[in-house]
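Take a look at the structure below.
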Amino acid sequence: MSAEAALSVAASLMDTNRIGAVVVIDEQDAIVGVLSERDLVRHMARSGAAAPDLKVSYAMTRSIITASGQDDIDACLAQMTDRRIRHLPIVDDGRLVGIISIGDLVKWKIDSVTAEAEAMTAYIKGG
């Protein structure tokens, strides 16, 4: 998403793709911000009818935390919880490769714990 796009365009993109945030990049594909649903709501409340025409750069969060594909899931969860963010851009060699949500990580953790519990149960029953 371009920082120059209108908030209405960002909101439409998020709605169409059923996502809660977009990563904002510049002409060199460097991350310059993240625009979340929370950012949109905040600026709608502050700017009223003018909000849809405002630029993404006006509403985006600029202090970006990123992770790499090699980062530990628990460390990512802790970072997201500590900073009270729900979306984390994933960067590899300085380039955006994806974005994960706290919901993605919580689901992974639950699935992991469930699989471990089932394996332990099968081991105990079979042992």
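Just so it is clear, none of the values below were taken in a lab; they were calculated from the coordinates. Keep in mind it's a predicted model, so treat the numbers as computed, not measured. Glycine gets a Cβ as well: all are built from the backbone with ideal geometry, and neighbour counts include every protein chain shown.
Dividing the convex hull volume of the alpha carbon atoms of the chain by its residue count gives 125 Å³ per residue. For the range 36-127, the list of GluC sites (Glu not before Pro) that fall in a loop by DSSP and count at most 12 other C-beta atoms within 10 angstrom is empty.
The Glu37 and Val97 beta-carbon pair, evaluated with R₀ = 25 Å, returns a calculated FRET efficiency of approximately 0.65.
Rounded to the nearest 10 degrees, the angle from helix 37-47 to the longest Cα principal axis of the chain is 30 degrees. Model label points for Arg84 and Glu118, set 7 angstrom from Cα along the Cα-to-Cβ axis, are 3.7 nm apart.
Helical content alone sets the calculated 222 nm signal of the chain at -15500 deg cm²/dmol, taking -39,500 (n - 2.57) per DSSP H segment of four or more residues and averaging over every residue. Below 11 angstrom from the Cβ of Lys109, what's the summed charge of the other residues (Lys, Arg +1; Asp, Glu -1)? Charge balance near Lys109 sits at -3. Summing Lys and Arg as +1 and Asp and Glu as -1 over all other residues whose Cβ lies under 15 Å from the Cβ of Ala119 gives a net charge of -2.
For the chain, the longest principal axis of the alpha carbon atoms and the long axis of helix 73-83 meet at an angle near 40°.
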